[in-house]
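Undergrad: Got a structure for you, written out below as structure tokens; questions coming shortly.
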Amino acid sequence: MIIDSHVWLSKPEHWGGKGVMDDAMYKAGWAARGLGTKTGLLKGMSAEQMVEIMDEAGVDMAVCHASKVPHLNSEVPPSFVAAAVDKYPDRYIGLGSVDLFGGLSALREMEEIVDMGLVGMKISPATSFDIPLNDPSIMPIYEKAQELGMVIFVHTGWSGYFLLKNQHPILLDDVAVEFPDLKLVVVHAGENYYEEVVMMMLKNPNVYANTGWWGFLQPVETNVRFLKYAKHFMVLDKVLWGTDNYDCREDVPFVKSLPAQAAEHNIAPGLPELTDDDIADYMGNNAARLFGVDTG
């Protein structure tokens, strides 16, 4: 089974005005190239369109993210995601989102998200609200998520002109320790901080990591080394493949080729070799276990 742990279904109006998240990528020349690799992110992507793309790529299911950032006039509503899950229950797993500055209203919305049949939330404290991932003001969000049995995906790594120190995945160690029954997914695996993320997964049973756009953005050496490093520390079973709407028709064959590329180019020879079984776990079996998907 192949499960993409990071996709967006949306309409153009969901994204509001000009975002700031990828300003730095524009200036460096990356976004001009990168947006062309994303399947209809800012232009919108319907549930039907994504299913067609998934079918072409051989992807069985996808985890649909939501977003709510009122001060940027941007929201991919949980109800929009829930409608896709309702229509394609065997293809989509849904995440909601709330305004992290919403106070008690946000906590009530979290209950509604669960009632919609969504399994968790996607939040971006640093890159949408310019606060650290472990800011005291959002600890009630994490606490409520633990109470509700949610899986929380947290954007990490780097983005835009926000302070890198607020986006560092190591800040989630505080959250993992404070809420040991809360399943936390470090989105983008912390990008260049992936080694710290591996050590967090080793230390904290409740910490997972997913990729997302790695097939385009990260060189093959980084893709291989991350997976090998996770295998060495015996946490590869908590690493989830994701595209972030990078075209899965290109990413699936790329990821499947990593064991052969690692051998051909002698990448990270001091770390364990990658096998096809490792890739099968990374591309779907691990996510199936996390979300309780029946693979029989």
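Undergrad: When you scan the stretch 245-252, do you find a residue that is open to solvent by less than 40 Å² (accessible area, probe 1.4 Å), aliphatic (A, V, I, L, M) and in contact with a Lys or Arg (Cβ under 8 Å, 6 or more places away or on another chain), even just one?
TA: no
Undergrad: If you don't mind, another one. On the given criteria, is Arg91 at pLDDT 95 or above, over 28 Å from Gly284 (Cα atoms) and of a type in the set (D, E, K, R)? I'd like the intermediate steps shown before the answer.
TA: On the way: at pLDDT 95 or above: yes; over 28 Å from Gly284 (Cα atoms): no; of a type in the set (D, E, K, R): yes.
So Arg91 does not fit the description; no.
Undergrad: Can I ask one more? Within the set of pairs 6 or more residues apart or between chains, which connect a residue that is within 29 Å of Ala280 (Cβ to Cβ) inside the stretch 1-30 to a residue that is at pLDDT 85 or above and open to solvent by 50 Å² or more (accessible area, probe 1.4 Å) with Cβ atoms less than 8 Å apart?
TA: These pairs meet every condition: Met1/Asp60; Ile2/Asp60; Ile3/Asp60; Leu9/Phe80.
Undergrad: Hey, another quick one. List the residue pairs whose Cβ atoms are under 6 Å apart, where the first residue sits in the stretch 193-207 and is touching a residue at least 12 places away in the same chain (Cβ under 8 Å) and assigned to a helix (DSSP H, G or I), the second is hydroxyl-bearing (Ser, Thr, Tyr) and open to solvent by 10 Å² or more (accessible area, probe 1.4 Å), and the two are 6 or more positions apart or on different chains.
TA: Going by the 6 Å Cβ cut-off, the qualifying pairs are Val198/Tyr229.
Undergrad: Ok, one more. Condition first: modelled with pLDDT under 95 and surrounded by fewer than 21 Cβ atoms within 10 Å (Cβ to Cβ). Can you find one or more residues in the stretch 205-215 that meet it?
TA: Yes, there is a match, as at least one residue in the stretch 205-215 is modelled with pLDDT under 95 and surrounded by fewer than 21 Cβ atoms within 10 Å (Cβ to Cβ).
Here is a yes/no grid of residues against (1) open to solvent by 70 Å² or more (accessible area, probe 1.4 Å); (2) assigned to a helix (DSSP H, G or I); (3) modelled with pLDDT of 95 or more:
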residue: Glu13; (1), (2), (3): yes, yes, no
residue: Met25; (1), (2), (3): no, yes, no
residue: Ala32; (1), (2), (3): yes, yes, no
residue: Leu35; (1), (2), (3): no, yes, no
residue: Leu42; (1), (2), (3): yes, no, no
residue: Gln49; (1), (2), (3): yes, yes, yes
residue: Val59; (1), (2), (3): no, no, yes
residue: Ala62; (1), (2), (3): no, no, yes
residue: Ala82; (1), (2), (3): no, yes, yes
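Undergrad: So, Gly17, is that one modelled with pLDDT under 95, surrounded by fewer than 21 Cβ atoms within 10 Å (Cβ to Cβ) and at positive phi or not?
TA: No.
Undergrad: Report the residue count in the stretch 260-296 for those that are over 30 Å from Ile93 (Cα atoms) and at pLDDT below 95.
TA: The total comes to 0.
Undergrad: While we're on this one: Got a number for residues in the stretch 130-161 being small (Gly, Ala, Ser) and open to solvent by 10 Å² or more (accessible area, probe 1.4 Å)?
TA: Counting residues in the stretch 130-161 that are small (Gly, Ala, Ser) and open to solvent by 10 Å² or more (accessible area, probe 1.4 Å) gives 3.
Undergrad: For Leu164, all conditions in the list (1) under 27 Å from Thr37 (Cβ atoms); (2) open to solvent by 30 Å² or more (accessible area, probe 1.4 Å); (3) in contact (Cβ under 8 Å) with a residue 60 or more places away in the chain hold save one; what is the number of the exception?
TA: Unmet for Leu164, out of (1) under 27 Å from Thr37 (Cβ atoms); (2) open to solvent by 30 Å² or more (accessible area, probe 1.4 Å); (3) in contact (Cβ under 8 Å) with a residue 60 or more places away in the chain: (3).
Undergrad: Turning to a different aspect of this structure: Among the numbered conditions (1) in contact (Cβ under 8 Å) with a residue 40 or more places away in the chain; (2) open to solvent by less than 40 Å² (accessible area, probe 1.4 Å); (3) within 30 Å of Leu164 (Cα to Cα), tell me where Ala288 comes up short.
TA: Going through the list (1) in contact (Cβ under 8 Å) with a residue 40 or more places away in the chain; (2) open to solvent by less than 40 Å² (accessible area, probe 1.4 Å); (3) within 30 Å of Leu164 (Cα to Cα), Ala288 breaks only (3).
Undergrad: Also, I was wondering about something else. Of these, Leu100, Leu118, Leu95, Leu107, which one is over 19 Å from Val185 (Cα atoms) and either buried (at least 22 other Cβ atoms within 10 Å of the Cβ) or of a type outside the set (Lys, Arg) (or both)? Let's see the steps before the verdict.
TA: Details: Leu100 fails: over 19 Å from Val185 (Cα atoms); Leu118 fails: over 19 Å from Val185 (Cα atoms); Leu95 fails: over 19 Å from Val185 (Cα atoms).
Going through Leu100, Leu118, Leu95, Leu107 in turn, the sole match is Leu107.
Undergrad: Which of the residues belonging to the stretch 132-172 are closer than 22 Å to Gly117 by Cβ and in contact with a Pro (Cβ under 8 Å, 6 or more places away or on another chain)?
TA: Within the stretch 132-172, just Val154 meets the criteria.
Undergrad: Look through the stretch 167-182, keep the residues that are open to solvent by 10 Å² or more (accessible area, probe 1.4 Å) and β-branched (Val, Ile, Thr), and return whichever of them is nearest to Leu133 (Cα to Cα). Don't jump to the end; show me each part of the working.
TA: Our first condition is that a residue be open to solvent by 10 Å² or more (accessible area, probe 1.4 Å); within the stretch 167-182, this holds for 168, 170-171, 173-174, 177-181.
In the following step, the residues that additionally are β-branched (Val, Ile, Thr) were identified as 170, 177.
Values: Ile170: 9, Val177: 14 Å.
This residue is Ile170.
The values are calculated or read from the model by the stated rules, or taken from the named source; none is laboratory data. Please read these numbers as outputs of a predicted model, since none were measured by experiment. Cβ coordinates were reconstructed from backbone atoms using ideal geometry, including for glycine residues, and neighbour counts include every protein chain displayed. Accessible surface areas use protein heavy atoms only, side chains included; no ligands, DNA or RNA. Shrake-Rupley method; radii C 1.70, N 1.55, O 1.52, S 1.80 Å.
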